[in-house]
Amino acid sequence: MTLIQTFHGNATNGTELTAVYAEQPAANVAFALVFPGNDLPRLVHWGRPLAAPATVIDMFDAQMPQRVSGALDYTSWPSVLPTQSESWIGATRFDVRRDGVELFCKFAVSNITAETVAAGKTYVMGEKDGYPNWSVADEPKQTPTVTVTAEDEEQHVKLIWTCELDETGLIRQNAEVVNTGEDQLEVGKIELAFTVPADANEILTTTGHHLRERSPQRQDFTLGRFAKASMAGRPDFDATLLLSVGEKGFGFTHGNVYSAHVAWSGNSVLSAERLPYTSGVIGGGEVLFGGEISLANGESYTTPWLIGSYGEGLNEVAARFHSYIRRVHRDWLAEHNIAPKPRPVILNTWEAVYFNHDYDTLTALADKAVESGVERFVVDDGWFGSRRDDTSGLGDWQIAQDVWPDGPKSLKALADYVHAKGMEFGLWFEPEMVNSDSDVARNHPDWILSPTTGRLPLQGRTQQVLDLTNPDAFDYIYGCMDQLVGELGIDYIKWDHNKLVTEPGSRRSGRPAVHAQTLAVYNIFKGLKTAHPGLEIESCSSGGGRVDLGILEHADRIWVSDCVDPVERADIQRYTSLLVPPAMMGEHVGASPAHSTQRATSQELRMAMAFFGHMGIEWNLLKEPDEALAKLAVWVAEFKKHRDWFAIDTCVHADSNDPAVRLDGMVMPNRDAAIYRFTQLTTSQTYPAAPVHLPGLDPERTYRVSPLDPSLDLTGLTNGQSTLGWWNEEGVVLTGEALQRYGIRPPSLHPQQAVLLKAVALS
């Protein structure tokens, strides 16, 4: 099958045209570009594959705007990189300067290469003993790829633009800018674009703050510019994982949706913009401080990938990102000869003991953890230097002898004890930060990012940021971590990042350093994981402050939020899953009342909310009664039955007119079975709650729907005055069509309760 084709022709005005059409039939996605003359390409189609690809050559005449009064002689029709040379008069998207003077570039395309690149592995999913089993196909991954070389010869700037249609259906584009002149070329911003249809008239993004990350917000896609910038050296809590536009009212299961994401962990922007004269565009890119990227003759800068995802509803959009990042991690394991393993159930000690470390307490906690089914025991902050609270010691990555003295009660002894119990051992680090009250800060003040030698940036949590672009600082951090991983037998690192990166001047280079700092972080991740095969690293950033495909290509999971309150987590996790597959989302059963909100919730709700992701525990089990621990062990055991499938299942969310309820699920790739969670957050207008739709099933097949075993007993959860007819082991048999269109009546639950149910195909 031809995945990419090139066509030639002429417009009615005589302009020579080149059209490129690319598709991934298995992903049910295609795009088309048209190059008018030697101009940069216009995106003329993005959606389902076309029945007659050759017709894309006529899309130039079909979509070309007429000249109108009061405008320029050429009405703007934005390319993949709109500039004023093509009459774009919106926000500047290509910002380069020489000697402080902005250049107005007009790029002339000199070469177009449209080809299928056969590189990387293609995986085939089978089953072994009832669990998914991956094998590598003989055929390599086939990626339709367009590479364009263009140049402004007068101003000595070359552009190499690349666009790929991944097998998942994601479109990836980036640009390399080359300085072909003698003087320095400074790069400020390169904001690539996707053109979207006129009926994409509503914008969905996420906002938030610490303990309330990724809260959805919508607004009309009106004339003008909507932008979400992240300028804290990380995406931060307010960052939107995706900028999505679509038909008014689009949801998880319906409406054409077009989403953009910048795969970068530093400063960036995502935007949607529409001018009175032109089609709307969405896009984004890295944002650079002045002097951060300065190119000598022959040097180049390459943007992060701008990634686009199309789908009928947000579920399909998200599934493409999930498939992509899962394959990236399969590739890593295969390349390093590491056998994949199920996601180990975690206990993290933070909300159990905070800074109060001692051998006897933590070994006792480890004993309780094993009894509950825990497989990975993670010691959090407080094990090093003078770190008895959050005001000192950060950066001094040597084991604190007053807390963990050498001998039978050392940190090494604890690690050995944990390993002897059959668990993995994990340890917390915050490698990028330093307390002013630390030996590192006192001995190496030049290692701290700061605007001047005489002034430090505003502190955050009594922290400053280490300059990892300084080779000495980099080597110190990497060396400490590398040594401890080897000496203690660390299996897992929880990598935290609490301080916003502001005024990020490097004393070594005299320039802002966010770009280079981000690359340094990636390099430490890669270096440690290569040096210690099987080591896994979690990206935690005050919870969910650094969540993007850049870090996700290196991290094995993210800590979604410091808030483990299940009521808050219902939407935090739901909207995080727009980008992140649930198996990479740390979801922990916490205490009640929750430490972050003081809200009291049932143990059932807390366990159900943690069930679909990378399940863990953030709870002092030493203080809990045996009944609670026995119940926890039942749910952990149930999670283990399904986690291998959860790691590859399609994550789905149902739309509902009732803001009080949530229906979320995981559907097997072959749609043989699914598990859903129904959550009653508050009371509903309807009493009992209305039927809920079960998305993702095959409409032509028949399913038996019944409660998952731990949710069979509704005692204490329901306010119903009679039994629910199907809530028993036998359940009820319905078609996938009926379950998706008309739904099924959930139990009438008290507020802040949740239950799990399953749908198993009979035909």
Considering only the range 728-740, I want to know if a residue exists there that is surrounded by 15 or more Cβ atoms within 10 Å (Cβ to Cβ), in a loop (DSSP other than H, G, I, E, B) and touching an Asp or Glu at 6+ places or on another chain (Cβ under 8 Å).
no
Meets criteria (farther than 26 Å from residue 24 by Cα and either modelled with pLDDT under 95 or surrounded by fewer than 16 Cβ atoms within 10 Å (Cβ to Cβ) (or both)) for residue 240:
no
Test each condition in (1) under 17 Å from residue 205 (Cβ atoms); (2) assigned to a strand (DSSP E or B) for residue 317 and report the one that comes out false.
(2)
Restricting attention to the range 210-237, and to residues there that are aliphatic (A, V, I, L, M) and in contact with a strand residue (DSSP E or B) (Cβ under 7 Å, 6 or more places away or on another chain), which single residue is surrounded by the fewest Cβ atoms within 10 Å (Cβ to Cβ)?
223
Grab the helices (runs of 4 or more DSSP H) fully contained in the range 410-521, keeping just those with 2 or more residues being touching a residue at least 60 places away in the same chain (Cβ under 8 Å).
411-420, 471-488
Across the range 350-366, what is the number of residues that are of a type in the set (Gly, Ala, Ser) and crowded, with 18+ Cβ neighbours inside 10 Å?
2
Condition set of a type in the set (Lys, Arg) and outside any loop (DSSP other than H, G, I, E, B), scope the range 741-763, selection surrounded by the fewest Cβ atoms within 10 Å (Cβ to Cβ): answer is 741
If I ask for residues that are within 35 Å of the chain's Cα centre (by Cα), in a loop (DSSP other than H, G, I, E, B) and touching a residue at least 24 places away in the same chain (Cβ under 8 Å), which ones from the range 27-78 would you list?
28, 39, 40, 41, 49, 50, 76, 77, 78
Within the range 186-202, which residues are touching a Lys or Arg at 6+ places or on another chain (Cβ under 6 Å) and either assigned to a strand (DSSP E or B) or surrounded by 24 or more Cβ atoms within 10 Å (Cβ to Cβ) (or both)?
186, 191, 202
For the range 680-718, which positions are of a type in the set (S, T, N, Q) and either assigned to a loop (DSSP other than H, G, I, E, B) or at positive phi (or both)?
682, 683, 684, 685, 686, 715
Could you say which residue among 701, 671 is outside the structural domain of residue 132 (by TED's automatic domain parsing), under 26 Å from the mean Cα position of the chain (by Cα) and in contact (Cβ under 8 Å) with a residue 60 or more places away in the chain?
671
Any residue that is at pLDDT 95 or above and more than 28 Å from residue 648 (Cα to Cα) - is there at least one of those in the range 303-319?
yes
Determine, yes or no, whether residue 565 is outside the structural domain of residue 307 (by TED's automatic domain parsing), of a type outside the set (Gly, Ala, Ser) and surrounded by fewer than 24 Cβ atoms within 10 Å (Cβ to Cβ).
no
Note on the range 335-349: residues surrounded by fewer than 19 Cβ atoms within 10 Å (Cβ to Cβ) and in contact with a strand residue (DSSP E or B) (Cβ under 8 Å, 6 or more places away or on another chain) are 340
With respect to residue 120, determine if the residue is surrounded by fewer than 16 Cβ atoms within 10 Å (Cβ to Cβ), closer than 26 Å to residue 176 by Cβ and touching a helix residue (DSSP H, G or I) at 6+ places or on another chain (Cβ under 8 Å).
yes
Within the range 210-239, can you find the residues that are hydrophobic (A, V, I, L, M, F, W, C), part of a strand (DSSP E or B) and closer than 20 Å to residue 288 by Cβ?
227, 229
Considering only the range 113-156, state which residues are at positive phi and in contact (Cβ under 8 Å) with a residue 24 or more places away in the chain.
120, 156
Please indicate, with yes or no, whether at least one residue in the range 430-446 is touching a Lys or Arg at 6+ places or on another chain (Cβ under 6 Å) and surrounded by 19 or more Cβ atoms within 10 Å (Cβ to Cβ).
yes
Against the definition (touching a residue at least 40 places away in the same chain (Cβ under 8 Å), farther than 24 Å from residue 426 by Cα, aliphatic (A, V, I, L, M) and not assigned by TED's automatic domain parsing to the domain that holds residue 305), how does residue 578 come out, yes or no?
yes
Residue check: is residue 406 acidic (Asp, Glu), within 15 Å of residue 484 (Cβ to Cβ) and either outside the structural domain of residue 482 (by TED's automatic domain parsing) or in a helix (DSSP H, G or I) (or both)?
no
Assuming residue 133 fulfils every condition listed in (1) polar (S, T, N, Q); (2) at pLDDT below 95; (3) part of a loop (DSSP other than H, G, I, E, B) apart from one, which condition is it?
(3)
With the requirement that a residue be assigned to a strand (DSSP E or B) and either of a type in the set (Asp, Glu) or within 30 Å of residue 669 (Cβ to Cβ) (or both), what does the range 5-26 give you?
5, 16, 21, 22, 23, 24
With the condition kept exactly as written, say whether any residue in the range 276-291 is in the same structural domain as residue 201 (by TED's automatic domain parsing), under 16 Å from the mean Cα position of the chain (by Cα) and not in a strand (DSSP E or B).
no
Quick one: residue 496 ticks every box in (1) farther than 20 Å from residue 462 by Cα; (2) among the charged types (D, E, K, R); (3) surrounded by 17 or more Cβ atoms within 10 Å (Cβ to Cβ) bar one, so which box is it?
(1)
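The values are calculated or read from the model by the stated rules, or taken from the named source; none is laboratory data. Just so we're clear, the structure is a prediction, and the values are computed from it rather than from any experiment. Because the Cβ atoms are built from the backbone with ideal geometry, glycine has one as well, and the counts that use them run over all protein chains shown.
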